[in-house]
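As structure tokens, the structure follows; a few thoughts come after it.
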Amino acid sequence: MSLGPYASFIVTSYALVTAVVLLLIVWIVADYRRQQARLREIEASGVTRRSGRSAADMR
Amino acid sequence: MTLTDLANPTRFLALTTRILPWLAGATAILLAIGLYQSVMAPDDYQQGATVKIMFIHVPNAWLSMFVWGVMSIAALGTLVWRHPLADVAAKSAAPIGAAFTFLALVTGSLWGRPMWGTYWEWDARLTSVLILFLMYLGLMALWRAVEDPSRAARAAAVLTLVGAINIPIIKFSVDWWNTLHQPASVFRAGGPTLDKAFLWPLLVMAIAFSLLFITLHLAAMRNEILRRRVRSLQMMQASSSRTFSAEAGSASCEGNGSKEIGIA
Amino acid sequence: MRLSGRNLTCVRGGRQVFSGLDVSAAAGEALAITGPNGAGKTSLLRVIAGLLVPAEGSVALEGGDNELSLPEQAHYLGHRDALKPALSVRENLSFWRDFLGGDTQDTQQCLAAVALDHAAHLPAAYLSAGQRRRLSIARLLSVRRPVWLLDEPTSALDAAGQALFVGLMRDHLAGGGIVIAATHLPLGLDARELRMGGTG
Amino acid sequence: MSALAALIRRDIRIALRVGGGALIGVLFFLTVTVLMPFAVGPDLALLSRLGPAILWLGALLASLLTLDRLFTADHEDGSLDLIVMSRTPLELACAAKALAHWLAAGLPLIVATPVLGLLLNLDGTATLAVALTLLAGTPALTFTGMIGAALAVTLHRGGLLLAVLVLPLSIPVLIFGVAASQAAISGPMSFGTPFSILCALSLFSLVIGPFAAAASLRHGLD
């Protein structure tokens, strides 16, 4: 497969898209882990969540 | 599962956890098919192999507008129906939309480079995307500037809707400004005359990227719900003054207060 | 050690707030500045803290550290808490400890002394008004300063908080410190009273 | 010394946290620069000739507008009283605050310059020249702007008044900054002369700024 004279542009754009999408995924996964860890930490320290009112918790 | 069930964040979390792996799998498969087809697609007789950039540029450009649409619906949800998930959806969509817009810009400029000889040309299409990108960044700055999420949500919702109304006006003005200064744009991306050999990979990639957005958005919404839960729990934690009584009052700074450190 | 100000006159915005005022407090002594609103309690404290320049007279600390001026040996607890909501409780306190410098104490122990150690990692934005006030009181403990200048220190505190603060002031006085407090509430400890306003 | 380090660390932290304004300056810079072609037209030759001037004006406005809250935020929550009373000389504390502000809000502008250079059709050397002159010149903008920020505390006013007070003071920096970048790109002049004057201006403001700001703060508190 030949990409012609502009191969570097094609490869760069595909690489950039891959990099940014991977970055998004890594960020979201890391954020999820961080929030989970914080929740565990808080629940370990004894503050209990009123599970019946979880909708109100968001506000 | 009705819409009112989805309004409950706990149910939403449970549902998200159940469907996220499937969505991620479907996205991966479609992306793989799309990428294979793009690689196998023939060269364009005019643009040569650079036409391959189109297969990732166009889906990103399409998503950059689609995400703003999603945020506008969420903004209506915040302002009109006060749906508890609406501002979560709006807030978590903004960085993802900004990332897709950024990719549309960069791939567009890389695609244009062989034709223009420069990375950036004040082409009407690209310039509109650049302004859209600035608006995404402004929206993210707004979310960051206000600490209280529900107060920030209303301001961001108003800005999002104003943006949604203004984007066509901006697009029109930029087109007009552009034709005023230069005859016709050299940059013709896609269009209905596209050959079938290009249409299929493009379509698959567009669906794959849309699925990618939905997957990322759901995951980010889940994060945001957890973040707000952490926030409200921390506020409860701050107001629960544990051993605040005469006993704490007598503990001086140098005194025996240190035995309680482990609890915090 | 003795803090003394003589013949103090303060003019603000063309209006004479007070004139010919003498202030003095010895080591281990508390001075309560009382008086109606607008009598110049806050202005007097700010003159002592070096934040306002008196039109006449001067204040000095005799028997303190000769290298340092009076404001450099004083803590000032004003109406405003000098806290940044974006920083955590611990970051707020340890910034002031590091910035003010001198004889410093452990941050965590100072937080425990004002019953805020459970919230050390939380942003200061989450604190209530009384907790914010307690956090600024922790600043007085984190760095040792012989003179405490307090402006309505107990206003935001509940009964338990006031009791706690009185205990801390007693400790400070017992260690040979000086407390000068502008207040319209009783301080809760033996204090000489300087009444301002009315006849001056 | 550790007191100053603590102050710098705190100010940078606040700027980067929620509610902090560090990156808004860059966004402003970006927006102002993008706005220019709509006024002068998309002619790339013209844009590349105007490029250094546009970038310098954008950076000037961005760094001055973010200075607005440098002292007023500390004044409003009472921190400034404690900073004035502390054992650290007020001049040094002012310099530390300005340095923290430059690190949090000024450096990102320089990092953003290459991207904006691309939009204005500047080539590699031109972009490098502008970035270098901004690196040498933005400290001067921050340290002279600090005087205005201190006056804003004294006068209980900020925003536009600050800009009106400080913009004339920044004219020399603008002149030599743009002159140095033009010299590096095309000009008959050598790059060295205007650039060394720019550096001298920065050093000068590094000395004058903290003293003027501290004097203004000392007399302005009430």
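Nothing in this text is a laboratory measurement; each read-out follows from the coordinates by a stated rule. Treat the numbers as computed from the prediction; the structure is a model and nothing was measured. Using ideal geometry, Cβ is built from the backbone for each residue, glycine included, and neighbour counts are taken over all protein chains shown.
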> Can you give the Kirkwood hydrodynamic radius of segment D:105-175 from its Cα pairs, in Å with one decimal?
Replying inline: 13.5 Å
>> How large is the convex hull of the C-alpha atoms of segment D:55-156 per residue, in Å³?
In response: 90 Å³
> From Cα coordinates alone, what are the radius of gyration and Dmax values for segment D:2-220 in angstrom?
Replying inline: 17.6, 57
>> Using just the Cα positions, wrap segment A:1-44 in a convex hull and report its mean projected area in square nanometres, one decimal place.
In response: 3.5 nm²
> Which angle between 0 and 90 degrees, to the nearest 10, do you get for helix C:89-100 versus the longest principal axis of chain C when only C-alpha atoms count?
Replying inline: 50 degrees
> Hey, what angle do you get for helix C:159-174 against the long axis of chain C, alpha-carbon based, 0 to 90 degrees rounded to 10?
Replying inline: 70 degrees
> Per residue, what volume in Å³ does the Cα convex hull of segment C:109-200 take up?
Replying inline: 110 Å³
>> Just want the ordering: C:VAL114, C:VAL166, B:VAL158, from fewest to most Cβ atoms lying within 10 Å of their own Cβ.
In response: B:VAL158, C:VAL166, C:VAL114
> Which of the lysines could a cross-linker bridge to C:LYS41, judged by Cα under 28 Å and excluding same-chain residues fewer than eight apart?
Replying inline: C:LYS84
> When the Cα atoms of segment D:129-222 are enclosed in a convex hull and the volume is divided per residue, what value in Å³ results?
Replying inline: 75 Å³
> Over all residues in B:207-218, what is the mean tally of Cβ atoms on other chains that come within 10 Å of each residue's Cβ?
Replying inline: 1
>> As an exercise, find the ratio Rg/Rh for segment B:76-137 from alpha-carbon atoms, using the Kirkwood inverse-distance average for Rh.
In response: 1.19
>> Could you compute how fast segment D:5-124 diffuses translationally, taking Rh as the Kirkwood radius over C-alpha pairs and applying Stokes-Einstein at 37 °C with viscosity 0.692 mPa s? Give it in µm² per second.
In response: 208 µm²/s
>> For the pair C:ARG170/D:LEU92, report the inter-label distance in nm, with labels modelled 7 Å from Cα in the Cβ direction.
In response: 4.0 nm
> Short version: what are the Cα gyration tensor semi-axes of the protein assembly as shown, square root of 5 times each eigenvalue, largest first, in whole Å?
Replying inline: 56, 35, 19
>> Let me check I have the definition right: for chain C, take the eigenvalues of the Cα gyration tensor, multiply each by 5, take square roots. What are those semi-axes in whole Å, largest first?
In response: 28, 18, 16
> Residue farthest toward the positive end of the dipole of segment D:2-220, with Cβ of Lys/Arg at +1 and Asp/Glu at -1: which of D:THR72, D:ALA6, D:VAL32?
Replying inline: D:ALA6
>> Given Cβ point charges of +1 (Lys, Arg) and -1 (Asp, Glu) and nothing else, what value in debye, to the nearest 20, does the dipole of segment C:2-195 about its Cα centre take?
In response: 520 debye
